[in-house]
Amino acid sequence: MSIAPRTGERLQRDSLGLSQIIASTLANIAPAMSFFFGFGLIVSGAGVGAPLTILTAMVVILFLTNTLAQFSRYRPSTGSFVTFIGMSFGPWAGAAASIFVVVGYCIAAASVVVISGGWAAQTLQVFLGINVPWQVLSILATAIVGLLVSRGISLSTTWAAIFFYFELALLLIGAVIMLVVNRDSISAAPFMISSVTGGWKGIGLGFPLAIYLFIGWENSAMLAEETTNPRRNVPRALITGTLSIGILYMFLAFATETAFHNDVKAIGASAIPFVDAFKVSAAGLLIIAYLAGVTSIFSSLIGLTNAQARILFSSAREGLLPQFFGKIHPRHRTPHTAMWTYIVVALLIVLGFGTVYKIDPVTLFGETGTLGTIPVIVTYLLTNLALPVYMLRYHREEFNLFTHLILPLLGTVCMLFPLWGLVEPGQPYPFNLYPKLALGLLIFSLIYGALLSRSRPDLVHRIGSYVADEEY
């Protein structure tokens, strides 16, 4: 493969080990935040058998994990999805993906920014009686995270890990307390297919929501350039992170349902089932649940900014987006321009809609999260389809029918279910507008990709030219 001269700077090599990129991935997923706001809806669709829906979602995510792991074994890249799609389908596809997925990620990041202020404001009000506007707290969280991630990948990842493991300890303590207090209600019902409302159809109803719990599983692939032995450690982190978070979710689901005595109606009526279950089980220790939420949101902000902004940086370095975003801090070796742009734009989305339209944090969390997820899931699908093309194009002699074709196709088919749940007709306002907005973004991205590839014939050699572990 012909390679164009590389004029961009490199990120700091060998800054992260396996344990650090696993922690960053888990922090990005933010189990407390995701479970708090998602589990009640999953139960509404699947009933008491909701843990089986989460198990099904984990298996499907593992199909996607295989795809990203295979790409990372052959060509680990900070560009991740953009690089893999571009090398498989051509520079026009890579350029289009750079716009499509970065905008999707940025809108989805706005959901974390808004809930960082909303949850912190609620925590201060409940336990200290202090009323601080959530907008102020969102700005503060954004500033802290921006300063932290721009000062070094090792430093920020360490803090993300600290917050995540503190969050994990609080969640496990809370779940164990609920099980001990409600031990008379412990049963195997949550793990029986007969407990799923409508059987396999019920699993299907809760499945799209369960998939959203895992968004962020791909984090470690974007840290490849700074990871020691990325061809080995990135695939390990992808698989370990997905399995770990799936098992954690099922345990939290089991504990929550036990605390509710497997009462589906009561769980469905609760805005945040885990918090309400803990309140009933140990009201005096309720601060544990709220602190878990605070640390979860903050670690997620660090993790997603570190990883997702690197796609913006990598796309600029390879010539797919303006070079302005491809700058590296001369001292800390971080893509500080891309990072600040990414998180500030997410904040502006939050302040614009939250202030001008007076949308409350929880509602805006759901709306931005839903809109941003559509381009991300479409990108997952395209990357799955790209794997067999890539292998046949560059590594035909190593092509494996099961690993490089059957598993990606299974993952593609399964991911159509949550995508349909996001775009199906008949949804209430404003969710009925989101498929149209996503389609508009896709069309714009394709036009951009076509025009850029026509004006820049060298792109075919630039995409994927920055391999994480190769010396230049």
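The values are calculated or read from the model by the stated rules, or taken from the named source; none is laboratory data. These figures come from a predicted structure and were not determined experimentally. Neighbour counts are summed over all protein chains in view; Cβ atoms, including those assigned to glycine, are modelled from backbone coordinates with ideal geometry.
Considering the conditions (1) at pLDDT 95 or above; (2) surrounded by fewer than 17 Cβ atoms within 10 Å (Cβ to Cβ); (3) closer than 18 Å to Ile302 by Cβ, Leu172 is excluded by exactly one of them, (3).
Residues of the stretch 446-472 that are out of contact with any helix residue (DSSP H, G or I) (no Cβ under 8 Å at 6 or more places or on another chain), of a type in the set (Val, Ile, Thr) and either within 18 Å of Thr228 (Cβ to Cβ) or crowded, with 18+ Cβ neighbours inside 10 Å (or both): Val467 alone. Helices (runs of 4 or more DSSP H) fully within the stretch 195-293 that include at least 3 residues being closer than 30 Å to Ser15 by Cβ: 230-259. Taking the criterion of being touching a Leu at 6+ places or on another chain (Cβ under 9 Å) and of a type outside the set (A, V, I, L, M), the residues of the stretch 415-426 that qualify are Pro418, Gly421. Of everything in the stretch 394-442 that is buried (at least 19 other Cβ atoms within 10 Å of the Cβ) and among the small types (Gly, Ala, Ser), the residue that is modelled with the highest pLDDT is Ala438.
Residue-by-condition table, conditions (1) under 25 Å from Val180 (Cβ atoms); (2) polar (S, T, N, Q); (3) in contact with a Leu (Cβ under 7 Å, 6 or more places away or on another chain):
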| residue | (1), (2), (3) |
| --- | --- |
| Pro230 | no, no, no |
| Arg236 | no, no, yes |
| Ile245 | yes, no, yes |
| Phe251 | yes, no, no |
| Thr256 | yes, yes, no |
| Ala266 | yes, no, no |
| Ala271 | yes, no, no |
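Inspection of the stretch 357-366 identifies at least one residue that is surrounded by fewer than 19 Cβ atoms within 10 Å (Cβ to Cβ), within 17 Å of the chain's Cα centre (by Cα) and assigned to a helix (DSSP H, G or I). For the stretch 226-275, a residue qualifies if it is of a type in the set (D, E, K, R), in contact (Cβ under 8 Å) with a residue 40 or more places away in the chain and under 26 Å from Ser194 (Cβ atoms), and exactly one does: Glu257.
Residues that are assigned to a helix (DSSP H, G or I), over 24 Å from Ala289 (Cβ atoms) and among the aliphatic types (A, V, I, L, M) within the stretch 13-42 comprise Leu18, Ile21, Ile22, listed in sequence order. Annotation: of all residues in the stretch 1-49 being of a type in the set (Gly, Ala, Ser) and surrounded by 24 or more Cβ atoms within 10 Å (Cβ to Cβ), the one that is modelled with the lowest pLDDT is Ala46.
For the stretch 100-116, indicate whether the set of residues that are assigned to a loop (DSSP other than H, G, I, E, B) and either crowded, with 24+ Cβ neighbours inside 10 Å or touching a residue at least 12 places away in the same chain (Cβ under 8 Å) (or both) is non-empty. So far as the stretch 100-116 goes, no, none of its residues is assigned to a loop (DSSP other than H, G, I, E, B) and either crowded, with 24+ Cβ neighbours inside 10 Å or touching a residue at least 12 places away in the same chain (Cβ under 8 Å) (or both).
To keep it simple, each residue is scored yes or no on (1) assigned to a helix (DSSP H, G or I); (2) in contact (Cβ under 8 Å) with a residue 60 or more places away in the chain; (3) over 30 Å from Ala32 (Cβ atoms); (4) of a type outside the set (Val, Ile, Thr).
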position: Gly303; (1), (2), (3), (4): yes, yes, no, yes
position: Gln308; (1), (2), (3), (4): yes, yes, no, yes
position: Arg331; (1), (2), (3), (4): no, no, yes, yes
position: Thr334; (1), (2), (3), (4): no, yes, no, no
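Here the helices (runs of 4 or more DSSP H) wholly within the stretch 407-468 that include at least 2 residues being free of Cβ contacts under 8 Å to residues at least 40 places away in the same chain and under 30 Å from Ala210 (Cα atoms) are 407-423, 434-455.
In the set (1) over 29 Å from Lys279 (Cα atoms); (2) of a type in the set (A, V, I, L, M); (3) at pLDDT below 95, Ile144 fails one condition alone, (3).
Regarding Met222, is this residue buried (at least 17 other Cβ atoms within 10 Å of the Cβ) and in contact with a Lys or Arg (Cβ under 8 Å, 6 or more places away or on another chain)?
Numbers: buried (at least 17 other Cβ atoms within 10 Å of the Cβ): yes; in contact with a Lys or Arg (Cβ under 8 Å, 6 or more places away or on another chain): yes.
Considered against the rule, which asks whether it is buried (at least 17 other Cβ atoms within 10 Å of the Cβ) and in contact with a Lys or Arg (Cβ under 8 Å, 6 or more places away or on another chain), Met222 comes out as yes.
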